[in-house]
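Here is the structure we will look at, set down as structure tokens.
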Amino acid sequence: RYFTTFTTQNILGETVTEAILQEKDLTVVNIWTTWCNPCLNEMPALAQWEKELPENVQILYLCQNLKEGDEVTLKTVQTIAEKTGVDPAKVLVWTREGFIELERRLTAYPTTLFVNRDGRFWEYPIVGAYVEGYQKTVEALMSLALPAGVEIEIKL
């Protein structure tokens, strides 16, 4: 399954498209909400882990209840990013058009996905706050030595 094309903004007001996925070999997409305590509790650990990631791996924080034009929630998300140390350039606004396929698959928050540079999901999502599990998944995925041209697709 492919990560759909999208155009959104980060909480700094900068435009972000699916091209951000092509910048790294692996993108960890953490889907969270402002009302989810486990989501908020794991964010400082995610911010710290983000600093330790290899250069070819990135984290995107996709806030499911932050919609375009919602200034109240935007201010809350900006405060959360500041207090937890999360990079605000990597915190994205949820757009229904761009993330409709993700929305259909969400069963709980946080949900964390692993996406390659082509937008393919590389692994089953991890549902629930489990930073150690995210780390182990990234280590395992990055250690795969696949011959050129071989693709992995695990359906969600």
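Report whether or not E50 is free of Cβ contacts under 8 Å to residues at least 40 places away in the same chain and either charged (D, E, K, R) or assigned to a strand (DSSP E or B) (or both). Considered against the rule, which asks whether it is free of Cβ contacts under 8 Å to residues at least 40 places away in the same chain and either charged (D, E, K, R) or assigned to a strand (DSSP E or B) (or both), E50 comes out as no. Between V86, V93, V138, V150, the distinction of being at pLDDT 95 or above, not in a strand (DSSP E or B) and not basic (K, R) belongs to V86 only. Scanning the range 51-81 for residues that are more than 22 Å from I126 (Cα to Cα) and open to solvent by 30 Å² or more (accessible area, probe 1.4 Å) gives E55, K67, E68, G69, D70, E71, V72, L74, K75, T76, Q78, T79. Is it fair to say L60 is at pLDDT 95 or above, closer than 29 Å to E139 by Cβ and in contact with a Lys or Arg (Cβ under 6 Å, 6 or more places away or on another chain)? Yes: the conditions hold for L60. Considered as a group, the residues in the range 82-109 that are in contact with a strand residue (DSSP E or B) (Cβ under 8 Å, 6 or more places away or on another chain) and among the aliphatic types (A, V, I, L, M) include one that is surrounded by the most Cβ atoms within 10 Å (Cβ to Cβ), and that residue is V91. Apart from one condition, P125 fits all of (1) closer than 22 Å to Q48 by Cα; (2) at pLDDT 90 or above; the exception is (2). Candidates in the range 1-50 are the residues that are aromatic (F, W, Y) and at pLDDT 95 or above; of these, the one that is most open to solvent (accessible area, probe 1.4 Å) is W35.
Screening I100 on (1) in a helix (DSSP H, G or I); (2) within 16 Å of the chain's Cα centre (by Cα); (3) modelled with pLDDT of 95 or more shows it passes everything except condition (3).
The values are calculated or read from the model by the stated rules, or taken from the named source; none is laboratory data. A quick note: this is a predicted structure, and the numbers were derived from the prediction, not measured. Heads up, the Cβs are rebuilt from the backbone with ideal geometry, glycines too, and the neighbour counts pull from every protein chain shown. Please note that ligands, DNA and RNA were not included when accessible areas were found on the heavy atoms of the full protein model with its side chains. Shrake-Rupley method; radii C 1.70, N 1.55, O 1.52, S 1.80 Å.
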